[in-house]
1. Does Asn152 satisfy the criteria of being at pLDDT 90 or above and under 25 Å from the mean Cα position of the chain (by Cα)?
2. Taking the criterion of being under 15 Å from the mean Cα position of the chain (by Cα), assigned to a loop (DSSP other than H, G, I, E, B) and not assigned by the TED database to the domain that holds Glu45, would at least one residue in the stretch 103-119 satisfy it?
3. Working carefully through the options Tyr98, Tyr108, find the one that is of a type in the set (Ser, Thr, Tyr) and free of Cβ contacts under 8 Å to residues at least 12 places away in the same chain.
4. Does the stretch 101-115 include one or more residues that are farther than 15 Å from Ile153 by Cα, open to solvent by 90 Å² or more (accessible area, probe 1.4 Å) and out of contact with any Lys or Arg (no Cβ under 9 Å at 6 or more places or on another chain)?
5. Select from the stretch 144-158 the residues that are touching a Leu at 6+ places or on another chain (Cβ under 9 Å), assigned to a loop (DSSP other than H, G, I, E, B) and among the β-branched types (Val, Ile, Thr) and list them in ascending order.
6. Which members of the stretch 52-100 meet the condition of being part of a loop (DSSP other than H, G, I, E, B) and open to solvent by 60 Å² or more (accessible area, probe 1.4 Å)?
7. With Glu164, Glu138 as the choices, which residue is open to solvent by 70 Å² or more (accessible area, probe 1.4 Å) and at pLDDT below 90?
8. Lys43: within 30 Å of Ile144 (Cα to Cα), at pLDDT below 95 and open to solvent by 80 Å² or more (accessible area, probe 1.4 Å), yes or no?
Amino acid sequence: MREDINIGIIGKTHGIQGYFRVKSLSDFPERFIEMSKLRLKDKNEERIYDVEDVLIRNNQILIKVKGVDSREDAINLNGQSIVIDISERMKLKDDTYYINNLIGMHVYSKKGDTIGEVFNIINNGANDILVIKNGNNEILIPMINQFVKSINIKNREIIITPIEGLIDVH
């Protein structure tokens, strides 16, 4: 079974030749330049388009696909998702992780105490923050080397040094 990942959403049209804006949901907007085909999903319907042109101007991604040759044609694509198969994700540098790989991981202290499970990741600009659920409690841990000691994707474990006074480990 194929697992799709949403990497962008089609927005407003640009000009009269069928170009449309794309809101990138990817940390790699340059990926759109390399794409020869776009898989678009709208509810349960999926279509594949051949890419004719991709422009990145002033941090805006503009795409033109074959068969969409007017503003009116492009308006019909507004709101559709651009998806890829999970196997097509960009390769990451060491010590860099996809958020969906971290969600649900078990978090332990360096001493082996259970802290909880990763429920969410918040990006505050400076660094990501792990949101860890422990019962009804939420614990926020900055994803910096001072606190996060190791991430083992295979074993689904994160080892942290708890912030003193913030976490009551039993």
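The values are calculated or read from the model by the stated rules, or taken from the named source; none is laboratory data. What you see is a predicted model; the values in this text were computed from it and never measured. Every residue, glycine among them, receives a Cβ derived from its backbone with ideal geometry; neighbour counts consider all protein chains shown. When the accessible area is computed, the model is the full protein with side chains, heavy atoms only, and any ligands, DNA or RNA have been set aside. Shrake-Rupley method; radii C 1.70, N 1.55, O 1.52, S 1.80 Å.
1. Taking the combined requirement at face value, the residue satisfies it.
2. Yes, the stretch 103-119 contains at least one residue that is under 15 Å from the mean Cα position of the chain (by Cα), assigned to a loop (DSSP other than H, G, I, E, B) and not assigned by the TED database to the domain that holds Glu45.
3. Tyr98
4. yes
5. Hit for the stretch 144-158 is Ile153, nothing else.
6. Those that are part of a loop (DSSP other than H, G, I, E, B) and open to solvent by 60 Å² or more (accessible area, probe 1.4 Å): Asn58, Asn59, Lys66, Asp69, Asn76, Asn78, Lys91, Lys93, Asp94, Asp95, Thr96, Tyr97.
7. Unique residue meeting the criteria: Glu164.
8. Criteria not met by Lys43.
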